[in-house]
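What follows is a set of notes on a single structure, which appears directly below.
The values are calculated or read from the model by the stated rules, or taken from the named source; none is laboratory data. If you're wondering where the values come from, they're calculated on a predicted model, not measured in any experiment. Ideal geometry is used to build each Cβ from the backbone, glycine not excepted, and the neighbour counts take in all protein chains shown. Surface accessibility is based on the protein's heavy atoms, side chains included, excluding ligands, DNA and RNA. Shrake-Rupley method; radii C 1.70, N 1.55, O 1.52, S 1.80 Å.
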Amino acid sequence: MIYESFSESDTGNIATKLGKDARSDQVYSLVGDLGVGKTVFTQGFARGLGVTEVVNSPTFTIVQEYTTGSLPLYHFDAYRIGDPLEMYDVGYEDYIYNGGVCLIEWGNLIEDILPEDVIKVTITKDLDKGFDYRRIEVESGESE
C-alpha cells in the first residue's frame, strides 16, 4: 500500500489509521533517511493505539515502552546499533514476542534478526512534489 503525505500532520494521520488496525505481536520496520519522519510516524501510530504518553525517539536508550494504549507499544531506534546482535542485549526477543507492537526505526540496520512477517514501512522524500512531501510505502510481511 502506498500513501502520499504533504505535511507532518498527513504523516501522523496515516500512521494513526495504521495504529488503530494494529494487532499484538506485529513488528514494523521503519526505513528512511534522517529527518524523513520516522518519529512523526511513530507518534501518529501511538495515537492510533490510544497511547497517552509523550512519544520521543529512543536514540540513546534504544527502546521506549508505552503501555497506556490498547496494546503495549515498544519503540526501538537501531541507528546506533553497531551489530544487530546488540539488540539482544536490550531484550529484543522479549519485546517482539510479548503481545505488544514493535516499531523499529532504522529496521534496515538489523534486517537479519527481524521476523519473517515484519511489516516494512519505507518513507521517502520527493522534492519535486514539495519540501514536505513524503511517500509512505507499507509492505506486509504476511504470506498471502
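Given a 1.4 angstrom probe, what's the average accessible area per residue across the chain, in square angstrom?
Details: 7590 Å² over 144 residues.
On a per-residue basis, 53 Å².
Express the Stokes-Einstein translational diffusion coefficient of segment 60-104 in µm² s⁻¹, to the nearest whole number, given a Kirkwood radius over alpha-carbon pairs, 37 °C and a viscosity of 0.692 mPa s. Write down the numbers at each step before the final one.
Details: Rh = 10.8 Å.
The calculation lands on 303 µm²/s.
Against the longest alpha carbon principal axis of the chain, how many degrees, from 0 to 90 and to the nearest 10, is the axis of helix 38-49 turned?
Between helix and principal axis, roughly 70 degrees.
Can you give the extra length, in nm with one decimal, that the chain gains between S7 and E139 once fully stretched, where that is 0.36 nm per residue apart less the Cα-Cα distance? Don't skip to the end; give the middle numbers.
Values: separation 132, 0.36 × 132 = 47.52 nm, distance 2.15 nm.
Here the segment from S7 to E139 would lengthen by 45.4 nm.
Working out 0.36 nm times the residue gap between Y97 and E65, then minus their Cα-Cα distance, what length gain in nm do you get to one decimal? Don't jump to the answer; show the numbers that get you there.
On the way: separation 32, 0.36 × 32 = 11.52 nm, distance 1.41 nm.
That pair, Y97 and E65, stretches by 10.1 nm at full extension.
For segment 1-55, report the translational diffusion coefficient in µm²/s to the nearest whole number, using Stokes-Einstein at 20 °C, 1.002 mPa s, and a Kirkwood Rh over Cα pairs.
Values: Rh = 11.5 Å.
So the translational diffusion coefficient is about 186 µm²/s.
Express the C-alpha Rg of segment 18-144 as a ratio against the empirical globular expectation 2.2 N^0.38 Å, rounded to two decimals. Before the final figure, lay out the partial values.
On the way: Rg = 13.9 Å, N = 127, 2.2 N^0.38 = 13.9 Å.
For segment 18-144, the normalised Cα radius of gyration is 1.00.
Among the chymotrypsin sites (Phe, Trp or Tyr not before Pro) in segment 48-144, which ones are in a DSSP loop with at most 16 other Cβ atoms within 10 Å of the Cβ? Mind listing them? It would help to have the intermediate numbers written out before the result.
On the way: sites: F60, Y66, Y74, F76, Y79, Y88, Y92, Y95, Y97, W106, F131, Y133; in loops: F60, Y79, Y97, W106, F131, Y133.
Sparse-neighbourhood loop chymotrypsin sites (Phe, Trp or Tyr not before Pro): F60, Y79, Y97, F131, Y133.
Which whole-number percent is the relative contact order of segment 6-52 (Cα, under 8 Å, 6+ apart)?
That works out to 59 percent.
Treat each spin label as a single point 7 Å out from the Cα along the C-beta direction, and report the E86 to K129 distance in nm.
3.3
What do you get for trypsin sites (Lys or Arg not before Pro) in segment 51-144 restricted to DSSP loop and a cutoff of at most 14 other Cβ within 10 Å of the site's Cβ?
Details: sites: R80, K120, K125, K129, R134, R135; in loops: R80.
Taking segment 51-144 and a limit of 14 other Cβ atoms within 10 Å, the loop trypsin sites (Lys or Arg not before Pro) found are R80.
With an 8 Å Cα cut-off and a minimum separation of 6 or more residues, compute the relative contact order for segment 30-144 in percent.
Details: 184 pairs, mean separation 30.5, N = 115.
Across segment 30-144, relative contact order equals 27 percent.
Where in segment 1-32 are there chymotrypsin sites (Phe, Trp or Tyr not before Pro) that are in a DSSP coil and have at most 16 other Cβ atoms within 10 angstrom of their Cβ? Mind showing how you got there, number by number?
Values: sites: Y3, F6, Y28; in loops: F6.
Passing both the DSSP loop test and the Cβ count: F6.
Could you look at segment 1-70 and say what percent of its accessible area is carbon and sulfur, using a 1.4 Å probe and all protein chains? The partial results should precede the final answer.
Working: 1780 of 3570 Å².
That fraction is 50 percent.
So what is the relative contact order of segment 46-105, in percent, for Cα pairs below 8 Å that sit 6 or more residues apart?
Details: 82 pairs, mean separation 19.4, N = 60.
Computed value for segment 46-105: 32 percent relative contact order.
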